[in-house]
1. Quick one: net charge around R163, please, counting Lys, Arg +1 and Asp, Glu -1 for every other residue with C-beta under 14 Å from its C-beta.
2. Distance in nm between label sites at T149 and D101, each 7 Å beyond Cα in the beta-carbon direction?
3. Stokes-Einstein diffusion coefficient for the range 99-211 at 10 °C in a medium of 1.306 mPa s, Rh from the Kirkwood formula over Cα pairs: what value in µm²/s?
4. For T143, which sequence-distant residues (separation of 5 or more, or a different chain) have an amide H within less than 5 Å of its own amide H, given hydrogens modelled in the peptide plane?
5. Pull up all non-local amide H partners of L179: gap of 5 or more, or a different chain, and H-to-H distance under 5 Å with H placed in the peptide plane.
6. Can you work out D for the range 91-130 in µm² s⁻¹ from Stokes-Einstein, where Rh is the Kirkwood radius over C-alpha pairs, the temperature is 10 °C and the viscosity is 1.306 mPa s?
Amino acid sequence: MSAQVYDRDSARSLLEDELADAQYQRELAGPLRDLIDSVLEWLEGSALSLGPVTVQWGPILVAALVVAAALLVILLVRPRMQRGRRSEPAVSIEAGMTAADLRNRAAAHATAGRYDDAARDSFRAIVRTAEEQFVLSPQDGRTASEIATALTTAYPREAGGLREAAELFNQSVYARRPLQQGHFHRLSELDLRLAGQAPSASAVASSLGSRL
């Protein structure tokens, strides 16, 4: 049996007949039905005249609602999502711990398979080495990203490695994904490379000036 094809007028007539059924009338009776009919009649009969062109209000209203919804998301929902995100943690180092102490502790963590702890101590060793070489002034409350940015001035050739080191430190703190042995090795190798390099004179002078 082939499907019957209706033209526009026939389809509308069938729809009106269907909606005239008593079941639909019971569901949409009362003020709600009156409101729906009023809105539909207004949209169908209203138009915006732009010289020789006449545009129906219906599409314009739909577009306006879409724009309003997008603005609502940007102004209300997005700021709430951003406030819900955790801020980057500060890098804390125990007083009295030298860079060598931190390297030894990192190696002990790695031997025990605690690569997150090992990576964090390797990053702390990088920071403490920079303090011992007068590249960074001792200061609490700095984040890993802030430290990486400051050290890039003293070690510009290691900029990529320093950014990765900060990302790995934050990843280990948040435990988004456990670090592996390879991550620890990259941090440890970066620590040793920086310890063997002479920092830029301007970075050392700036650090010494901030201590005076």
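Bear in mind these aren't lab numbers, they're just calculated from the coordinates by the rules spelled out. Note that the structure is a prediction, hence the values are computed from the model and not measured. Cβ: placed from backbone, ideal geometry, glycine included. Neighbour counts: every protein chain shown.
1. In short, -3.
2. Simple spin-label model gives 3.0 nm for this pair.
3. Details: Rh = 14.0 Å.
Calculated translational D: 114 µm²/s.
4. For T143, whose amide H was placed from the backbone, the distant partners under 5 Å are V91.
5. D116
6. D = 164 µm²/s.
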